[in-house]
Each structure stands twice: as C-alpha cells, then as structure tokens.
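These notes are about the structure you will find just below.
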Amino acid sequence: MKLVAKEELRGVVELSGVKREVSLMLLPEAEVGEYVLVHAGYAIARVDQEEAEETLRLLRDVLAAEEA
Amino acid sequence: MSAFQDPELVKGLASRIARLAEKLARRVTFMEVCGTHTNAIAAAGLRRLLPPQVRLISGPGCPVCVTPVAYVDRAVALARHPETILATFGDLLRVPASVGSLEQARAEGCRVQVVYSPHDAVELAAAHPQARVVFAGVGFETTVPTVAAALLEAEERGLGNFFVLSGHKVMPPALEALLADPTLALDGLILPGHVSAIIGARAYRPLLARHPIPAVISGFTPVDVLRTVAELVQQVVEGRAELVNLYGRVVREEGNVTAWSLVERVFVPTDARWRGLGDIPSSGLGLAPAFASRDAAQFPATLPAPKEPPGCRCGDVLRGLIDPPECPLFATACTPDTAVGACMVSAEGACAAWYRHERMAGVA
C-alpha cells in the first residue's frame, strides 16, 4: 500500500483507491510516496520498489537464458 | 505488484523446478511456518505445479492453531467476568476451549469484541472507562509489535483499564525444536516473510549454524514461493545449506529495529506451550515486570482441566507429521462450518486451507 499522507505518527495508505488510516509508530521513517506493508493497522515495513523490479528483471533474464 | 503473479514467470519457474528436481536422488520435504504461506500455496494451487519429488508441508505457523487450549480457557473465563470487555482478532472466537468457546460466551451475553487492530482495543478502553478491557493477543513477531505499540499508547493516555492476555510466541525457538526432531527429517525451510520483516534475516543465523539446513526467506506471491522452492531444490542438489533472503524488497538483515525495540520494552521471553510441539524454552513473550499491572493473567479465573477435542490431530498437522486429509475427522466431522480443531477454525490453519483449496484437486 502506498503512503499518501503523514502527520507525525499517523499516516494514510491507499490501495486501489481505498484509503485507510495507519499508525506509523513502528515505522516512523516511512515517507509519503513510499510503499509500506501494513499489519493490524500498523505499517511494519517499507516495500522497496526498485528492488522488486530488479528481482523481476533478473528472474526474466535467468529464465530466458535457461529456456534458450 | 501484479508482475509477481505473472503466469509466464510462474510457468518458467515450474519448469525450472522440474529440471532441477530430476537431479534429486530422493523425494524432498520443505516446510513453511507461516499461515499466510499455507494459504498462498493452497490458493494458488502451487502443489500441482511441483514435480512429485518435491513435497511442501505446513508447520506451526498459524498463531491460533499453536495456542494451547489452556490459553483459550483463560480468555473464556475472563470474558465471563461481568466487568470485562474481551477484545481479540476474529479467528480466536470459534476456537474450541475445554468448555465452549469465546463465540459461545458472546452468544450468552458476555462482552467479546472482535477488533481489526490492537489500537481499536485501546479505543475501547477509552470509551468504556468503567470496564476492564482485556486484549487477548496471540500471534508471532509480526503481531507482537502492534500489541506493544497499543500498550504503550494506553500507558501514554493514562488508560489504566487496558490489559493484555499474552499468548504471543516467537518463531526461532520453535524452528529449533522442529530441526532437532529426528522424526521430521526436513530438507528445507521456507521462512516467514512478515515475521522476518520484523526480526530480520539475522535472527535465524544462530539456530541455522547449530542445525544447518537450506533455508529461504520468502514472500507470498506465486513467483516468490516458486523462486524459494527452486532455490531450496538447488541447494539440496548441490549439497549446500545456506540462509538466503529472497524477499529482499521487504526483509532486511537487521529487520525492523524500531518495532523490535518496542517489543523488548514491553515483553520478556518466557517458556511457552505450543499445541503439537509441547513446551519450548524462551518461545513465548510475557509482559515485562514494569508492565505487570497490565497483565490480564493476574485476574483470578476458574479454569477447567484442559481438554483437547477428541480425535483431533491438529497437533500432528502442526508438526508436519501428517497432511490434513490423513486426519480421520477431515472433511467428515470437521469442516469449516463444524470445525472440531483449531487448524480448521482459523483461516490461517492448514486444515482450513486444504479444505478450501486442495480437497477437490486430488492432492494428498
């Protein structure tokens, strides 16, 4: 879910247009615009989008090389 | 991220696993220990994409399932006290106690409230200053920081009527107990992504040094799980036993240090009993002495002698000794509507996942 607003330790996340309030008490460093993992109303981890894309790119390369 | 469900990648990974598995000298068994993995694997039908040499089993990853009946008995006894509002996550409600359940207590007029977040239980305490609000907390490292945060919030707001009945557990000591059990003979571990987001990859290093085994920290999409299985098969084929983090977009080596520091302020390790696994030293979390006044275990409660449902083999399912259909009650006396044991009650339980997704598919 994307963090779209932040005020001290309260934040708002959005997924498919639905907004929900979350606590940032466990992830105070989260910044607006970042993707976060939410559990039981608390953001608990950042989701690194660059790493996710890199993972997929490497995987596609490896599979293409193996199939060839 | 929908690309992590990409059918082309799923197909490519399945062929890769099949190719790797040809080099296996025998059938291998990999265990996951997370209710979300249990469900993700069953819902995506991943077992049907794997060659017969690769078997995936579920371990003690469903929090409600591993919670011993004595805890549920205490929660029910507390809920029966007229001053109590007992707040908990929904899946504890229908878990059978020795006598009745929380759901039954609620039907009889007790104040049992399902909450989405421990924070909601703090709000209940604020809204009902005359009541004793008890949050019955079960769950692993992913959930515990949220309970710690809620308790500290209650403390800060001066809400003296907020209490926690801690049934919380930590995963590494349970993994160690499983790895030390010679009857299980596991070939690899699929480590829980969300638990690992909190405790970090480093939390597994000491136990894996004592019990070397291929171990992969995994996400939950079909692509994540299949990448994990491919890595585990490859390690077995090559005779390696390494910890690999394949969920790097969420899990860091050190985990979420802020979250865990709150846990360490509020809780201390305790010995704990697990359904199926028995007593495991330092595998539970109780309230730290500084927060003893918030411990709901202090309230007197008349408890029945703990009694597991007769015939239920939940304990064997939780150790991976049997798959759910091997229990004689599975899909006969025990279904999600008429659940006998915790593994069928909880949506995260292996029996519920098999009933919903694998039963008609001929995977057994």
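Does segment B:207-244 hold any residues that are more than 14 Å from chain A (Cβ to nearest Cβ) and free of Cβ contacts under 8 Å to residues at least 24 places away in the same chain, and which are they? Once the filter is applied, which keeps residues that are more than 14 Å from chain A (Cβ to nearest Cβ) and free of Cβ contacts under 8 Å to residues at least 24 places away in the same chain, segment B:207-244 yields B:ALA209, B:GLU238, B:GLY239.
When each of B:GLY276, B:GLY286, B:GLY255 is tested for being over 21 Å from A:LEU26 (Cα atoms) and either within 12 Å of chain A (Cβ to nearest Cβ) or within 19 Å of the chain's Cα centre (by Cα) (or both), the lone residue that passes is B:GLY276.
Give me a count of the residues in segment B:211-233 that are over 11 Å from B:LEU13 (Cα atoms), crowded, with 24+ Cβ neighbours inside 10 Å and either touching a Phe, Trp or Tyr at 6+ places or on another chain (Cβ under 7 Å) or at pLDDT below 95 (or both).
Residues of segment B:211-233 over 11 Å from B:LEU13 (Cα atoms): B:211-221, B:232-233.
Remaining after also requiring crowded, with 24+ Cβ neighbours inside 10 Å: B:214-219, B:232-233.
Then keep just the ones that are either touching a Phe, Trp or Tyr at 6+ places or on another chain (Cβ under 7 Å) or at pLDDT below 95 (or both); that gives B:215, B:217-219, B:232.
Qualifying residue count, segment B:211-233: 5.
Just one of the numbered conditions (1) under 18 Å from the mean Cα position of the chain (by Cα); (2) assigned to a loop (DSSP other than H, G, I, E, B) is not true of B:ASP316: (2).
Can you pull out every residue in segment B:115-135 that is over 16 Å from B:GLY167 (Cα atoms), within 14 Å of chain A (Cβ to nearest Cβ) and either over 24 Å from the mean Cα position of the chain (by Cα) or assigned to a strand (DSSP E or B) (or both)? B:GLU123, B:LEU124, listed by residue number.
Name the one entry in B:PHE267, B:PHE299 that is farther than 22 Å from B:PRO172 by Cβ, among the aromatic types (Phe, Trp, Tyr) and in contact (Cβ under 8 Å) with a residue 12 or more places away in the chain. Just a single option satisfies the conditions, and that option is B:PHE299.
Is it true that B:ALA150 is over 21 Å from the mean Cα position of the chain (by Cα) and within 29 Å of B:GLN298 (Cβ to Cβ)? The answer is no for B:ALA150.
Go through segment B:7-91 and tell me which helices (runs of 4 or more DSSP H), entirely inside it, have 3 or more residues that are buried (at least 24 other Cβ atoms within 10 Å of the Cβ) and among the hydrophobic types (A, V, I, L, M, F, W, C). Steps first, answer last, please.
On the way: elements: B:7-21, B:35-43, B:63-66, B:69-79.
Result: B:63-66, B:69-79.
Within segment B:22-55, the set of residues being within 14 Å of chain A (Cβ to nearest Cβ) and either closer than 27 Å to A:GLU51 by Cα or hydrophobic (A, V, I, L, M, F, W, C) (or both) comprises B:CYS34, B:GLY35, B:THR36. Confirm whether A:VAL32 is assigned to a loop (DSSP other than H, G, I, E, B) and touching a strand residue (DSSP E or B) at 6+ places or on another chain (Cβ under 7 Å). For A:VAL32, the condition - assigned to a loop (DSSP other than H, G, I, E, B) and touching a strand residue (DSSP E or B) at 6+ places or on another chain (Cβ under 7 Å) - is met.
I need the full set of residues from segment B:13-35 which are without any contact (Cβ under 8 Å) to a residue 40 or more places away in the chain and farther than 25 Å from B:GLY61 by Cα, in order please.
B:SER15, B:ALA18, B:ARG19, B:GLU22, B:ALA25, B:ARG26
Restricting attention to segment A:40-59 and to residues that are part of a strand (DSSP E or B) and surrounded by 20 or more Cβ atoms within 10 Å (Cβ to Cβ), the residue that is farthest from the other protein chains (Cβ to nearest Cβ) turns out to be A:ALA43. Would you check if there is a residue in segment B:80-97 being modelled with pLDDT of 95 or more, small (Gly, Ala, Ser) and touching a Lys or Arg at 6+ places or on another chain (Cβ under 8 Å)? No, segment B:80-97 contains no residue that is modelled with pLDDT of 95 or more, small (Gly, Ala, Ser) and touching a Lys or Arg at 6+ places or on another chain (Cβ under 8 Å).
The values are calculated or read from the model by the stated rules, or taken from the named source; none is laboratory data. In this text, all values refer to a predicted model and were calculated from it rather than measured experimentally. All Cβ positions, even for glycine, are placed from backbone atoms using ideal geometry, and neighbour counts span all protein chains on display.
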